[in-house]
Amino acid sequence: MPNRIIPLALLLFGLLAGHLALAKTLDRIVAVVDDDIVLASELDREVAKLAQQLQQAQRPLPDKAVLQKEALDRLILTKLQLAQAERLGIKVDNQTLAAAIHNIAQRNQLTVEQLREVLARDGVSFREFEDKLRQDILLTQLRNKEVVNRIQVSDAEIDAYLAKAGPSATDRKEVHLLHILVAVPEDASAEEKAAAKAKAEKLVQELQQGADFDTLAAQASDARQADLGWRRLDQIPTLFANAAKTLKKGGIAGPLRSGSGYHIVKLADYRGGNRQLIPQTHVRHILIKTDELTSDEEAREKLLKLRERLLNGEDFATLARSHSEDTGSAINGGDLGWVNPGDMVPAFEEVMNQTPEGRISEPFRTQFGWHILEVLGRRQHDATDEVRRRQARKAIRQRKAKEALARYLQRLRDEAYVEIRLDQVS
């Protein structure tokens, strides 16, 4: 079988394993789980599946009793989850199942018909495959509803995670720093030290509110130069280097105390490190929806007339507020802000990417209706800090979800009636 089919293996374990064992085993009840039962044939298949997973992971196989107990525990939890999904009215419709089958075939570079043929060659009926996939989707939906979607991750948790993980940019090779010094003489009095600190804190506050760094440095800095230029991290004071390791581009650190006074540094740029630069487009649009009263042609004609008015000098924002049916952006003059790749539907993004800056597109259609758009600008955005926080949020959610799922499954087991009828399993 080609290597590209390997991703199907985990799904096929439960379908392929145990066919021989089934023929040899007298089907009997090995466990009662509330109103459901576990049959010996089910347990045989689960044991074979678990053994194959351990072998593929190159882990030693435990003895039969241990393997049976693990397999039976899995089956009991599955039965309990399926029963809970039924109580909550969770179902997998045929459309969802068909989409999942299509995605599996696509990931393996197959058509659905070719997937059928592969399964048939491996002795698995398509019906078995569908039933197992439907069950997997059902369990995922239950876990999302009952556990995963309830997980909350706060900014404080992300901050703590990143602090514990340490700087992500310690491999930055060079930094470009700007510097302000509020000097404190060696023989300064307590009042002079306090005044210098207050001055430095006020400067930091002004910078955070948008003041120009160069202007403030020229007015208030006691340093000989404000622009330190490009320096290697090992060539600048440790006080500055420690700040520069974690600052994002444009970030401010300070006041930082040293023997000479209070320092404020700004990371103008850096080289090296894991920078995440993404192209962004600033775009605005006008949307006309189609319905029983407005046809595609009528929507397009309306936008053509609006485009003509724009080309003749009328204000885009004013027309968007008056005519756009995208209520979310119309109030802002149609402005969608800075858009990342993938933020918009493909049809919109394709036109946006092809439209020159400062130009207004021809009318075009998406699933939401008909649009015209104007590209206001393009830039490379340093999203390093955003990406790092997003990755931290994902890691925290996964950890919390794993812990919460374990508690949820334990609660299901504790609240259920389970009777084991297999001597080999205690």
Picking from Glu403, Glu386, which residue would you name as being in contact (Cβ under 8 Å) with a residue 60 or more places away in the chain and surrounded by fewer than 17 Cβ atoms within 10 Å (Cβ to Cβ)? Glu386
I'd like to verify a number: residues in segment 192-208 that are farther than 14 Å from Lys266 by Cα and either exposed (fewer than 11 other Cβ atoms within 10 Å of the Cβ) or over 39 Å from the mean Cα position of the chain (by Cα) (or both), how many? 8
Going through segment 288-312 one residue at a time, which ones are of a type in the set (A, V, I, L, M) and part of a loop (DSSP other than H, G, I, E, B)? Leu293
Here is a check on your reading of the model: is Asp159 surrounded by 12 or more Cβ atoms within 10 Å (Cβ to Cβ), part of a helix (DSSP H, G or I), modelled with pLDDT under 90 and under 33 Å from the mean Cα position of the chain (by Cα)? yes
Here are the criteria: (1) over 26 Å from Lys164 (Cα atoms); (2) touching a residue at least 60 places away in the same chain (Cβ under 8 Å). Tell me which single one Ala392 does not satisfy. (1)
Criterion (in contact with a Pro (Cβ under 8 Å, 6 or more places away or on another chain) and not in a helix (DSSP H, G or I)) met by exactly one of His263, His285: His263
Out of segment 223-242, which residues are under 22 Å from Arg388 (Cβ atoms) and buried (at least 17 other Cβ atoms within 10 Å of the Cβ)? Leu233, Phe240, Ala241
When (1) modelled with pLDDT of 85 or more; (2) in a loop (DSSP other than H, G, I, E, B); (3) not polar (S, T, N, Q) are applied to Arg231, the one that fails is (2)
Restricting segment 170-193 to residues that are in a loop (DSSP other than H, G, I, E, B) and farther than 24 Å from Leu207 by Cα, which is modelled with the highest pLDDT? Ser189
Name every residue in segment 113-159 that is among the hydroxyl-bearing types (Ser, Thr, Tyr) and assigned by TED's automatic domain parsing to the domain that holds Ile101, in order of residue number. Ser125, Thr140
Residue set Lys302, Lys245; condition in the same structural domain as His176 (by TED's automatic domain parsing) and crowded, with 16+ Cβ neighbours inside 10 Å; output residue Lys245
Return the pairs, sorted by first residue and then second, in which the second residue is loosely packed, with under 15 Cβ neighbours inside 10 Å and part of a helix (DSSP H, G or I), the first residue lies in segment 106-134 and is at positive phi and touching a residue at least 24 places away in the same chain (Cβ under 8 Å), the beta carbons are less than 8 Å apart, and the residues are 6+ apart or on different chains. Gln109/Arg4; Gly123/His19
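The values are calculated or read from the model by the stated rules, or taken from the named source; none is laboratory data. Here the structure is a predicted model, which is why all the values come from computation and not from measurement. All Cβ positions, even for glycine, are placed from backbone atoms using ideal geometry, and neighbour counts span all protein chains on display.
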